[in-house]
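Derivation of every value follows stated rules applied to the coordinates shown; laboratory data play no part. Here the structure is a predicted model, which is why all the values come from computation and not from measurement. So basically every Cβ, Gly included, is an ideal-geometry build from the backbone, and we count neighbours across all protein chains shown.
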Number of protein chains: 2
Amino acid sequence: MNVKFCIEGEEEIGSPHLEPFIATHHDLLQADVLLISDTTIIGPNQPAICYGLRGLCSLEVHVQAAKSDLHSGLFGGAVPNALHAMTELLSSLHDHEGKVLVEGFYDDVAALTAEEREELAKLPQDDMAYMQSLGLNELVGEPGYTTIERTTARPTLELNGVYGGFQGEGSKTVIPAEAHAKITCRLVNNQDPLKILNLIEAHLKAHEPKGVTVTVTRHDHAKPFIADFHQPAIQTAVEAYRFAYDVEPHFMRMGGSIPIVEAFDRLLKLPVVLMGFSLPDENFHAPNEHFSLDNFDKGLRALVFYYTHLERV
Amino acid sequence: MNVKFCIEGEEEIGSPHLEPFIATHHDLLQADVLLISDTTIIGPNQPAICYGLRGLCSLEVHVQAAKSDLHSGLFGGAVPNALHAMTELLSSLHDHEGKVLVEGFYDDVAALTAEEREELAKLPQDDMAYMQSLGLNELVGEPGYTTIERTTARPTLELNGVYGGFQGEGSKTVIPAEAHAKITCRLVNNQDPLKILNLIEAHLKAHEPKGVTVTVTRHDHAKPFIADFHQPAIQTAVEAYRFAYDVEPHFMRMGGSIPIVEAFDRLLKLPVVLMGFSLPDENFHAPNEHFSLDNFDKGLRALVFYYTHLERV
């Protein structure tokens, strides 16, 4: 067996050099299967295989009213206010429940299969404990889906920042000339990030409030990833986890994005298997990040099993 | 004739000590008429008498969702977003044209009389030039009113500041836990600032979005002022302007607030006459503030005429 290691240190900044490297080194990178260990399992004794990751797109919205801020005593009542326009515009993006109202947003979303919903339903999720840990009295989301489905298998459109006008202490009688909003979407197969950006821009243009000009700046985007968990490369991973942990692994999707996974999948056209061993509470990217020694041992055993059984793939 | 001068230096910070002083010195301040020169005229050769000022009330709105910001990859789709809630809440305050939708907001507004509308229609106002000077393609405001009526004789509710979430460069996949908005209203007779604050709070509570908590902090408030321009004290001012400028003065209302005017009116119960002589483009509160020497002379003549004809009041 030949093993090729691909080690890169730019994942946290979106791996800008990896995709061109893959594209120009097809031969060097040829393989039967691609294994990435960057996902989590459910708990110390409950492994899981991640078969889907959400994609991403990101944009900024700018609303311009008058050419400068105006005094509300002199102008209030007769001129557009950039913040009135911005809140009107942004509130058109969702219904009260949290469903996205951008025309066509859900058109390309692959519906969850009955089998997937069954698998995801096996994952432990206690909504009451979840709410309590977050300080919430209520959950808000797309009707008809569970919390796990909403956070991993359904797309979202989130306002990440909104600002305009006066933010200091007390009050100021200003009519703001401009307002800004930052938006990111989490996307699922088969949504295309560029198509979604087009749909959002079209929605914003169609809903442009009276008296103001709306412009958009685009930022990052990444495609979603999904694998068929029936394929031999993943079924062998099931056996490997079963061997190392002595329990049946779950299938799960993750709500975040690992853009290179989709790039490997698309450019190398080989099975991508996500075999992770970290626990959800190991302080990723935070002080005291740690990794369980027990999962280090079981992970080694699972991977050795996997490598030695790969001939079946 | 006896003249009492009242000179105070706190007007720009809301005159916090003047109202208690008036309240405790009724006898000292007794008079037949109160004259204040703090308003503008229309142009170098067109005097005007201001007979109405707008009042004010001010508040801050806070929306709290989860107890801290959350990662949109892990939680996006299932939890409330403070900015979604804030934009939904704020967009409920106006219709698309700019009419205020707070229940009861207009209930106590004294309608403009036919005579007032006639007087206000005499004031020079070129909407095209006005838009051009502000860099606007369109004016926005309460339907059925002219620009001058909207900015001086109708109440408003303005968003002065809105903020929450990420404001730095680029994007950040955060679900904000909190959002804030600053609001001021310009009020007209017979709206009561405290009643309006109650109505706004009731509206915000009634429209509280799912999954979040809305709280309110109150700031300043000041009552609106209006005088009947038929009364002798004001008709004598008409004669005084006519004498000094040799043209008929207009009647106007001002969109801003001079809170002490209303306090003098309410506490001393004597006619308040606003005889100003400054021009609108004299850079109030700004570098190179100035005052026309011509209006200084004409103002002196108008005031001398006024004092010497006061026996008719």
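How far is A:Leu101 from the same spot in each other copy, in nm, shortest first, if each label point sits 7 Å from Cα toward Cβ?
Label-point distances to the other copies, shortest first: 0.9 nm.
When each copy gets a label point 7 Å from Cα toward the beta-carbon at A:Lys195, what are the spacings between them in nm, shortest first?
5.7
For B:Glu97 and B:Ala121, calculate 0.36 nm times their separation in residues minus their Cα-Cα distance, and state this gained length in nm to one decimal.
6.4 nm
Under 15 Å from the Cα of A:Lys195, which aspartates and glutamates turn up, not counting those fewer than eight places away in the same chain?
Within reach: A:Glu103, A:Asp107, A:Asp108, A:Asp220.
Which entries of A:Lys67/A:Lys210; A:Lys182/A:Lys210; A:Lys99/A:Lys223; B:Lys67/B:Lys210 show an alpha-carbon separation above 19 angstrom in the structure shown?
Numbers: A:Lys67/A:Lys210 15 Å; A:Lys182/A:Lys210 21 Å; A:Lys99/A:Lys223 21 Å; B:Lys67/B:Lys210 15 Å.
Listed pairs above 19 Å: A:Lys182/A:Lys210; A:Lys99/A:Lys223.
Helix-only estimate, please: 222 nm mean residue ellipticity of chain B, summing -39500 (n - 2.57) across DSSP H runs of length 4 or more and dividing by its residues, to the nearest 500. Spell out each step's value before the answer.
On the way: 11 runs with 101 residues, N = 313.
Computed ellipticity for chain B at 222 nm equals -9000 deg cm²/dmol.
Using all C-alpha to C-alpha distances in region A:33-81, build P(r) with 5 Å bins and read off the rounded percent in each one.
That works out to 4, 11, 14, 10, 7, 6, 6, 5, 5, 6, 9, 10, 6, 1, in percent per bin.
Equivalent-ellipsoid semi-axes (√(5λ), Cα gyration tensor) for region A:61-111, whole Å, largest first? Don't jump to the answer; show the numbers that get you there.
Details: eigenvalues 234, 25, 8 Å².
Computed over region A:61-111, the values are 34, 11, 6 Å.
Using a 10 Å cut-off on Cβ to Cβ distances, tally the other chain neighbours for every residue of B:176-182 and report the average as a whole number. Present the calculation step by step, with values, prior to reporting the outcome.
On the way: counts 5, 2, 0, 4, 2, 4, 10.
Across B:176-182, the average partner-chain Cβ count within 10 Å equals 4.
Going by how many other Cβ atoms sit within 10 Å of their own, how do B:Lys298, B:Lys4 line up, fewest first? Don't jump to the answer; show the numbers that get you there.
On the way: B:Lys298 21, B:Lys4 9.
Ascending Cβ contact count within 10 Å gives the list B:Lys4, B:Lys298.
By counting other Cβ atoms within 10 Å of each Cβ, how are A:Glu19, B:Glu158, B:Glu103, A:Glu149 ranked from fewest to most?
Going from sparsest to densest Cβ surroundings: B:Glu103, A:Glu19, A:Glu149, B:Glu158.
Can you give me the C-alpha center-to-center distance between region A:293-309 and region A:95-154, rounded to a whole angstrom?
About 32 Å separates the Cα centre of region A:293-309 from the one of region A:95-154.
With bins 5 Å wide starting at 0, give me the P(r) of region B:136-290 over every alpha carbon pair, in whole percents.
1, 6, 11, 13, 15, 15, 12, 9, 6, 4, 3, 2, 1, 0
Just to verify a number: FRET efficiency for B:Glu169 and B:Phe291, C-beta to C-beta distance, R0 = 56 Å, to 0.05?
Working: r = 45 Å, r/R0 = 0.81.
Calculated value: 0.80.
For the protein assembly as shown, divide the Cα radius of gyration by the Kirkwood radius and give the resulting Rg/Rh value with two decimals. Present the calculation step by step, with values, prior to reporting the outcome.
Numbers: Rg = 32.9 Å, Rh = 28.6 Å.
Rg divided by Rh gives 1.15.
For A:Ala114, place a label point 7 Å out from Cα along the Cα→Cβ vector, do the same in each other copy, and report the separations in nm, one decimal, smallest first.
Values, ascending and in nm: 7.5.
When the Karplus curve 6.51 cos²θ - 1.76 cosθ + 1.60 is applied with θ = phi - 60°, which whole-Hz ³J(HN,Hα) does each residue of region B:264-274 get, with x for Gly and Pro?
Taking θ as phi minus 60°, the curve returns 4, 4, 6, 7, 9, 6, 10, x, 9, 10, 9 Hz for region B:264-274.
Just how many % of Cα pairs in region A:46-155 lie over 25 Å apart, if you round to the nearest whole percent? Present the calculation step by step, with values, prior to reporting the outcome.
Values: 2786 of 5995 pairs.
When every Cα pair of region A:46-155 is considered, 46 percent fall beyond 25 Å.
Let me know the charge dipole size of region B:195-313 about its Cα centre in debye, to the nearest 20, where only the beta-carbon of Lys, Arg (+1) and Asp, Glu (-1) is charged. Please list the in-between numbers first.
Details: 12 positive and 15 negative charges, 132 e Å.
The calculation lands at about 640 debye.
What does the average come to when, for each residue of peptide A:67-75, you count the partner chain Cβ atoms lying within 10 Å of its Cβ?
Working: counts 4, 2, 1, 2, 4, 13, 13, 7, 9.
The mean count of partner-chain Cβ atoms within 10 Å per residue comes to 6.
In vacuum, with every alpha carbon of region B:176-238 counted as one equal point scatterer, what does the Debye formula give for log10 I(q)/I(0) at q = 0.12, 0.18 Å⁻¹? Two decimals, please.
With no solvent term, the Cα-only Debye profile gives -0.49, -0.78.
Please get the size of the charge dipole for the protein assembly as shown, origin at its Cα centre, with Cβ charges of +1 on Lys and Arg and -1 on Asp and Glu, quoted in debye to the nearest 20.
On the way: 46 positive and 88 negative charges, 42 e Å.
Here the protein assembly as shown has a charge dipole of around 200 debye.
Let me know the whole percent of all Cα-Cα pairs from region B:229-313 that are separated by more than 18 Å. Write down the numbers at each step before the final one.
Details: 1891 of 3570 pairs.
When all Cα pairs of region B:229-313 are counted, 53 percent exceed 18 Å.
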